[in-house]
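The values are calculated or read from the model by the stated rules, or taken from the named source; none is laboratory data. As the structure is a prediction and not an experimental result, all values here were calculated from the model. Here the Cβ positions follow ideal geometry from the backbone for every residue, glycine too, while neighbour counts run over all protein chains shown.
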């Protein structure tokens with residue numbers, strides 16, 4: 001009985017330590033028209049139904065795979081770039097981080113700090129996830145075509161941001177300022193604002209505006225939110241200054257490949273499409 005129990009425990013440990021795998025299924029969809037078929041049509045129909053390959057999949061499946069692959073590769077590139085930058089930030093950042101923190105705390109105004117406590121929540125995890133989820137549902141309904149693109153793009157962005165950020169935290173494990181040890185490299189709040197709100201702004205702009213003026217408004221709104229998050233996190237000493245700057249860069253690096261992937265599968269923005277059709 002002892003050996004059986006030991007073997008059972010070993011199996012449980014192996015199962016518990018296994019990394020979650022990617023489960024991929026091949027979806028075969030066929031449609032048969034309810035029409036009288038002639039004898040000569042039967043072999044052709046059988047050949048079509050028996051065909052297995054990319055042509056047997058729905059049109060959106062290859063585009064979905066492309067979107068996921070490009071987003072995932074972008075996350076890998078972002079991790080590598082931030083890994084290369086990390087040692088410089090961790091080793092040389094304190095030379096500027098500590099003086100800035102001390103000066104900010106010595107000149108902090110109580111009522112303004114209470115305001116910053118509220119506005120900094122725009123970059124919190126659940127706030128950004130809620131905004132992404134709401135945008136995914138709303139845009140899926142509002143987009144006139146390829147309605148799956150906004151939910152897929154935002155879902156992929158959430159996954160990439162979460163796991164690449166966790167990987168960077170495990171890689172460096174840098175503690176934040178006193179009173180906020182969880183503020184690690186790079187700043188997650190700042191990164192999420194740039195990445196997720198930037199993607200939402202792009203999806204809104206490309207489908208409902210596409211104009212230069214609309215782009216300016218979208219970029220300005222995201223820049224304002226990013227500054228708000230960076231400023232509030234530094235003012236409240238939730239992150240080191242160098243981690244905040246790194247978060248801005250990190251979010252932009254994550255955002256660029258997702259925008260490229262959406263453009264690749266959904267085509268150019270609305271105005272550009274109309275102009276090319278003239």
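The number of residues in the stretch 94-112 that are more than 24 Å from residue 174 (Cβ to Cβ) and either in contact (Cβ under 8 Å) with a residue 12 or more places away in the chain or surrounded by 13 or more Cβ atoms within 10 Å (Cβ to Cβ) (or both) comes to 1.
Conditions tested, residue by residue: (1) over 25 Å from residue 152 (Cβ atoms); (2) at pLDDT below 95.
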residue	(1), (2)
68	no, yes
78	no, no
94	yes, yes
106	yes, yes
128	no, no
131	no, no
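Here the helices (runs of 4 or more DSSP H) wholly within the stretch 188-278 that include at least 1 residues being farther than 26 Å from residue 138 by Cα are 212-235, 241-266, 270-276. Residue 206: over 16 Å from the mean Cα position of the chain (by Cα) and more than 29 Å from residue 100 (Cβ to Cβ), yes or no? Yes, satisfied.
Every test in (1) without any contact (Cβ under 8 Å) to a residue 12 or more places away in the chain; (2) part of a helix (DSSP H, G or I) is passed by residue 182 save one, and that test is (2). Take residue 176 and decide whether it is more than 20 Å from residue 130 (Cβ to Cβ), buried (at least 16 other Cβ atoms within 10 Å of the Cβ) and out of contact with any strand residue (DSSP E or B) (no Cβ under 7 Å at 6 or more places or on another chain). Spelling it out, residue 176 is indeed more than 20 Å from residue 130 (Cβ to Cβ), buried (at least 16 other Cβ atoms within 10 Å of the Cβ) and out of contact with any strand residue (DSSP E or B) (no Cβ under 7 Å at 6 or more places or on another chain). Scoring residue 108 on the criteria (1) outside any helix (DSSP H, G or I); (2) within 18 Å of the chain's Cα centre (by Cα) leaves a single failure, condition (2). The set of residues from the stretch 138-147 being surrounded by 16 or more Cβ atoms within 10 Å (Cβ to Cβ) and touching a residue at least 60 places away in the same chain (Cβ under 8 Å) comprises 139, 143, 146.
Working carefully through the options 222, 149, 190, find the one that is modelled with pLDDT of 90 or more and either under 26 Å from residue 59 (Cα atoms) or in contact with a strand residue (DSSP E or B) (Cβ under 7 Å, 6 or more places away or on another chain) (or both). Working first, answer last.
Working: 222 fails: either under 26 Å from residue 59 (Cα atoms) or in contact with a strand residue (DSSP E or B) (Cβ under 7 Å, 6 or more places away or on another chain) (or both); 190 fails: either under 26 Å from residue 59 (Cα atoms) or in contact with a strand residue (DSSP E or B) (Cβ under 7 Å, 6 or more places away or on another chain) (or both).
Answer to the selection: 149.
Residues of the stretch 212-226 include none that is under 18 Å from the mean Cα position of the chain (by Cα), in contact (Cβ under 8 Å) with a residue 60 or more places away in the chain and crowded, with 23+ Cβ neighbours inside 10 Å. Checked against (1) surrounded by fewer than 17 Cβ atoms within 10 Å (Cβ to Cβ); (2) in contact with a helix residue (DSSP H, G or I) (Cβ under 9 Å, 6 or more places away or on another chain), residue 153 meets all criteria but (1).
For the stretch 130-142, a tally of residues being more than 10 Å from the chain's Cα centre (by Cα) and within 22 Å of residue 256 (Cβ to Cβ) returns 4.
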